[in-house]
1. Pick out which of GLY44, GLY34, GLY22 has the largest mean-square fluctuation in a Gaussian network model of the chain, springs linking Cα atoms closer than 10 Å.
2. Over the range 1-45, average the accessible area per residue using a 1.4 Å probe and give it in Å², no decimals.
3. (i) 21.5, 64; (ii) 11.9, 38; (iii) 11.2, 31: which one is Rg and Dmax of the Cα atoms in Å as calculated from this entry?
4. Leaving ligands, DNA and RNA out of it, report the carbon-plus-sulfur percent of the accessible area of the chain at a 1.4 Å probe.
5. What is the spin-label model distance, in nm, from GLU59 to ALA39 if the labels are put 7 Å beyond Cα along the C-beta direction?
Amino acid sequence: MTTCQESLLPGVLLPDPETLTGPQLRGWNCALCGQRLYADQLLGTVEWTCGDVTKEDVELYVCRPLCAGAAQQGGGQG
C-alpha cells in the first residue's frame with residue numbers, strides 16, 4: 001500500500017510511486033515525464049512501501065520549468 005500526500009504544486013497531482021522507476025524515486029529523473037533532471041523542484045512527498053515491511057518517505061522531484069507531464073494535468077509553468 002502506498003500513501004500519497006498533497007502536491008506542493010497547484011494543479012499537479014502526485015503520481016503513484018508504485019508506477020515510478022528507481023531513478024524517479026531517487027530524484028534523478030522527473031517523477032512525471034521520466035527525463036533526467038538538471039533543474040528541478042519538489043513536487044511532494046509520498047510514503048513508498050516495498051513489500052510488507054519497508055516504508056520510506058520519498059521526495060518526488062519534477063522538471064523546472066514544469067514539463068509536458070505537468071501541463072497534461074493542468075499545472076502551470078513554475
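1. Largest GNM mean-square fluctuation: GLY22.
2. Values: 2720 Å² over 45 residues.
Normalised by residue count, the accessible surface of the range 1-45 is 60 Å².
3. The listed entry that was calculated here is (ii).
4. On the way: 2430 of 4770 Å².
It is 51 percent, rounded to a whole number.
5. 1.9
The values are calculated or read from the model by the stated rules, or taken from the named source; none is laboratory data. It should be emphasised that the depicted structure is a prediction, and the values quoted were computed from it without experimental measurement. Cβ atoms come from the backbone with ideal geometry, glycine included; neighbour counts cover every protein chain shown. Just so you know, the surface numbers come from the protein's heavy atoms only, side chains and all, with ligands and any DNA or RNA stripped out. Shrake-Rupley method; radii C 1.70, N 1.55, O 1.52, S 1.80 Å.
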